[in-house]
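This report concerns only the one structure given below.
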Amino acid sequence: MISLFEPLTLPRGRAMKNRFLLAPMTNQQALDDGTLTEDELNWLRMRAIGDFSLVMTCCSHVHPKGQGFPGELGVYADALIPGLERLANTLRSAGAVSSLQLYHGGIRAIAPDRMGPSAAPEDHARAMTTAEVRATIEDFVVAAQRAERAGFDGVELHGAHGYLISAFLSGLYNRREDEYGGTPAKRRRFLLEIVDGIRDRCSKEFQIGVRVSPERFGQDVGETRELAQQLIDEGKIDYLDISLWDVFKSPVDPKYQGHSLMSYFTDLDRNGVRLGFAGKIISHDDATRCLEYGADFVVIGRAAIAHHDLPRQFRSNPGFIPRKFPLTAEYLRSQGLGESFIAYLATWPDMVVNYFVPPEIPRFDVEEFFTTGRSVKLATG
């Protein structure tokens, strides 16, 4: 049995010192233009010091029109490189492998000119022209080059949860009839051309990860599995980060039920590409079970918010039980969260105790997120 604390090599670049990765989590701690802040630096530094082997940033938009949240880290301009360089150097000094997550919100962007693979009138979004599709591929590639110039070990492409790459992969959101839509193979082309561009124009040791979600948001489990195998077979990526929301769940689609959702990916012929999962991994036992089922690593979100040094806690005591939410703002500050992050968490149900959120601030609605695949937040009273 592989230990959670065994090092993990990747096809390229630096090895990870253990099997715990920090999930890329929206935290709204950057400046309005996407510049790094002390709060964002401190949040990520503490997780690196706390022994997360790979520390990933929140999603970082590759174009101003792709910003999906207020206070989102940016990588769309050279002017942002100094802050990113400071972050990459800090993470490396703390012993972590670093990854900048590249992102475009697509039809969920907060910019007024929203666009996606096809028109989405319910989201006030228009269809991208073929020229805009190609320009956006270039935006991702140039953003990866900026990340490498800044000193990051690699990037992760956010291809999950209905955002732009995910929307191109989706038969629901992608109804194009050109070379970027119409069949599963053509719907993958947007992502595959981004990967090709990064691999061609970044160094041989630069790491590429891809995050995908295999269901909801118009995704099909079987198609996602085929995409994963193609990404592996083409030999251009280093790891797959599969976002399941709950790693031990069964598929929603009846035609795939009877097996765990994770099992559709753990039996892939990986050829050295590493595979990990995210979704309600809280305890040492949860993480161990993932490795037993065939994962190479686990991606930790909420438990990493509650404990900046979760891997260290588990190493000294496998029976360690992480704190349960909701938590106080005072405690969250002690774990390196800035006020913007705490305020954002408070818009989620049962996350922060006795923290006043003005009624005009929209609350996160998980059911709406999954049911419509469109609205991330709903305003209340």
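The values are calculated or read from the model by the stated rules, or taken from the named source; none is laboratory data. The structure displayed is predicted, hence computed values, not measured ones. Positions of Cβ are backbone-derived with ideal geometry, glycine not excepted, and every protein chain shown enters the neighbour counts.
Computed quantities for the displayed model
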{"quantity": "Residue under evaluation residue 361, criteria (1) at pLDDT 95 or above; (2) touching a helix residue (DSSP H, G or I) at 6+ places or on another chain (Cβ under 9 Å), criterion not met", "calculated": "(1)"}
{"quantity": "Positions within segment 38-80 being surrounded by 20 or more Cβ atoms within 10 Å (Cβ to Cβ), among the aliphatic types (A, V, I, L, M) and part of a loop (DSSP other than H, G, I, E, B), in sequence order", "calculated": "62, 73, 75"}
{"quantity": "Some residue of segment 105-125 being in a helix (DSSP H, G or I) and either under 18 Å from residue 241 (Cβ atoms) or β-branched (Val, Ile, Thr) (or both)", "calculated": "yes"}
{"quantity": "Flag if residue 344 is buried (at least 18 other Cβ atoms within 10 Å of the Cβ) and at pLDDT below 95", "calculated": "yes"}
{"quantity": "Identity of the residue in segment 183-227, touching a residue at least 60 places away in the same chain (Cβ under 8 Å) and small (Gly, Ala, Ser), that ends up farthest from residue 276 (Cα to Cα)", "calculated": "197"}
{"quantity": "Selected residue (criterion: farthest from residue 137 (Cα to Cα)) from residues of segment 55-114 that are hydroxyl-bearing (Ser, Thr, Tyr) and in contact (Cβ under 8 Å) with a residue 60 or more places away in the chain", "calculated": "99"}
{"quantity": "Residue within segment 262-270 that is in contact with a Leu (Cβ under 9 Å, 6 or more places away or on another chain), over 21 Å from residue 174 (Cβ atoms) and of a type outside the set (A, V, I, L, M, F, W, C) present", "calculated": "yes"}
{"quantity": "Matching residues, segment 12-22, being buried (at least 24 other Cβ atoms within 10 Å of the Cβ) and either at pLDDT below 95 or in a loop (DSSP other than H, G, I, E, B) (or both)", "calculated": "19"}
{"quantity": "Residue in segment 122-131 that is modelled with pLDDT of 95 or more, under 21 Å from the mean Cα position of the chain (by Cα) and either of a type in the set (A, V, I, L, M) or on the phi > 0 side of the Ramachandran plot (or both) present", "calculated": "no"}
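Quick grid of which residues meet (1) under 18 Å from the mean Cα position of the chain (by Cα); (2) among the aliphatic types (A, V, I, L, M):
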residue	(1), (2)
268	no, yes
298	yes, yes
314	no, no
319	no, no
338	no, no
341	yes, no
